[in-house]
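Worksheet: the structure to be examined is printed underneath.
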Amino acid sequence: MASDVQKFVGTDEVKTVKFWKSVTAEVLSTAIMMIVQCSVPLKWPGNNDSGTTVQIALGMGFVVMCMIEAFGHISGAQMNPSVSIAMLIARKISLLKAIFYIIAQCSGAFLGSGLIYIITPANATGGLATTTVNRDMTPAQGMVVEMYLTFMLVFVIFGATDSRKKITMPSLVIGMAVAMNICTGINHTGASMNPARSLGPAVYVNIWTDHWVYWAGPISGAILATLAYNFGFVLHCTKKEKELEEEKKYAETLPDPTVIERVCGRYCGTLNSGLMPARVTSESTFTLETSDSTAHFQL
């Protein structure tokens, strides 16, 4: 019991170099993601073609794909407090790792957003990709949108990284999910799906309108997706797999039909009387009866 609690909290792994490497990877991957996030929507003077929905969706989809390939084997490249909370609930990371990941992700978002804020001319900075709820929507509606988008993202993450799949390419699938969600919800809420992503730019441009939406919505959506996938679909599939495994083990205890067939053939060749059906008397013996004799065979 004590060891289970210790494993859940993560008191041992926090002392390892690997743990801190993974935390550092979360800082770097989130910072790079935010550099792209804040750069693509910039409105440069004389360039009216920048910052379109397609450009933002592709930019974010590609950077997420690249970060997963670059840092996925180190930290999981979660880059999102909502995802880290989901992984904690699913028992894929420890409590301490989730806490440090969230701190690292917020720090990375602050660093990445700050870099673009510093190197970009003031007349092109604009809102620095700050997320706000559409003025024709209520905060509650915005929260529902963020909840749905994050639910979709986290559900796809669990499905794409499921170890039972024979062929996986999670970076591509997750990147496509991000791009899809941005196309879906950018006009509603900016399609954040990530509290750290909304926090970074808000610090520099001091825009906090309905900021709570970008914490409550994504986190609640991530929790719902975790419960739905891991305690709904996967739990049902696991029960089916156990039943199939038990059936397979039972089948392995039965006599090999080919052995019975060979023995029957040899026995039949030595008898002139009529052959009666064979019957299994145990896991390792069977009885072959004829009209005038009975034979017991050991397998």
| field | Filter result (more than 12 Å from ILE74 (Cβ to Cβ), in contact (Cβ under 8 Å) with a residue 40 or more places away in the chain and of a type outside the set (Gly, Ala, Ser)) within the range 1-29 | value | LYS7, PHE8, VAL9, THR11, GLU13, VAL14
| Meets criteria (hydroxyl-bearing (Ser, Thr, Tyr), in a loop (DSSP other than H, G, I, E, B) and either in contact (Cβ under 8 Å) with a residue 24 or more places away in the chain or within 22 Å of VAL213 (Cβ to Cβ) (or both)) for SER50 | no
| query | Of all residues in the range 129-140 being in contact (Cβ under 8 Å) with a residue 40 or more places away in the chain and polar (S, T, N, Q), which is farthest from TYR214 (Cα to Cα)? | reply | ASN134
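Which of the following residues is more than 24 Å from the chain's Cα centre (by Cα) and more than 18 Å from MET79 (Cβ to Cβ): VAL133, VAL144, VAL203?
Working: VAL144 fails: more than 24 Å from the chain's Cα centre (by Cα); VAL203 fails: more than 18 Å from MET79 (Cβ to Cβ).
It is VAL133.
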| task | Would you mind telling me which numbered condition in (1) without any contact (Cβ under 8 Å) to a residue 12 or more places away in the chain; (2) part of a helix (DSSP H, G or I) CYS38 fails? | result | (1)
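Here is a yes/no grid of residues against (1) of a type in the set (Asp, Glu); (2) at pLDDT 95 or above; (3) surrounded by 15 or more Cβ atoms within 10 Å (Cβ to Cβ):
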| site | (1), (2), (3) |
| --- | --- |
| ASP12 | yes, no, no |
| LEU28 | no, yes, yes |
| ILE35 | no, yes, yes |
| THR52 | no, no, no |
| MET60 | no, yes, yes |
| task | Test each condition in (1) at pLDDT below 95; (2) touching a Leu at 6+ places or on another chain (Cβ under 9 Å) for ASN123 and report the one that comes out false. | result | (2)
| request: Could you grab the pairs with beta carbons closer than 8 Å, sequence gap of 6+ or different chains, first residue in the range 103-115 and touching a residue at least 12 places away in the same chain (Cβ under 8 Å), second one among the aromatic types (Phe, Trp, Tyr)? | output: SER113/TYR204; GLY114/TYR204
| note | The condition from (1) more than 19 Å from VAL178 (Cα to Cα); (2) modelled with pLDDT of 95 or more; (3) under 17 Å from the mean Cα position of the chain (by Cα) that LEU95 misses is numbered (3)
| message | Can you list residue pairs whose Cβ atoms sit under 7 Å apart, with the first residue in the range 68-84 being touching a residue at least 24 places away in the same chain (Cβ under 8 Å) and the second being of a type in the set (D, E, K, R)? Count only pairs 6 or more apart in sequence or on different chains. | response | ILE74/LYS21; SER75/GLU26; GLN78/GLU26; MET79/GLU26
| remark: Considering the range 157-181, residues that are at pLDDT below 95 and surrounded by fewer than 17 Cβ atoms within 10 Å (Cβ to Cβ), and then whichever is nearest to the chain's Cα centre (by Cα), we arrive at ASP162
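Do we have ALA77 as among the small types (Gly, Ala, Ser) and outside any loop (DSSP other than H, G, I, E, B) here? I'd like the intermediate steps shown before the answer.
Values: among the small types (Gly, Ala, Ser): yes; outside any loop (DSSP other than H, G, I, E, B): no.
Criteria not met by ALA77.
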| query | Would the range 117-128 turn up any residue that is buried (at least 16 other Cβ atoms within 10 Å of the Cβ), touching a residue at least 12 places away in the same chain (Cβ under 8 Å) and either touching an Asp or Glu at 6+ places or on another chain (Cβ under 6 Å) or not assigned by TED's automatic domain parsing to the domain that holds ALA225 (or both)? | reply | no
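The values are calculated or read from the model by the stated rules, or taken from the named source; none is laboratory data. Since the structure is predicted, the reported quantities are computational estimates derived from the model, not experimental observations. Every residue, glycine among them, receives a Cβ derived from its backbone with ideal geometry; neighbour counts consider all protein chains shown.
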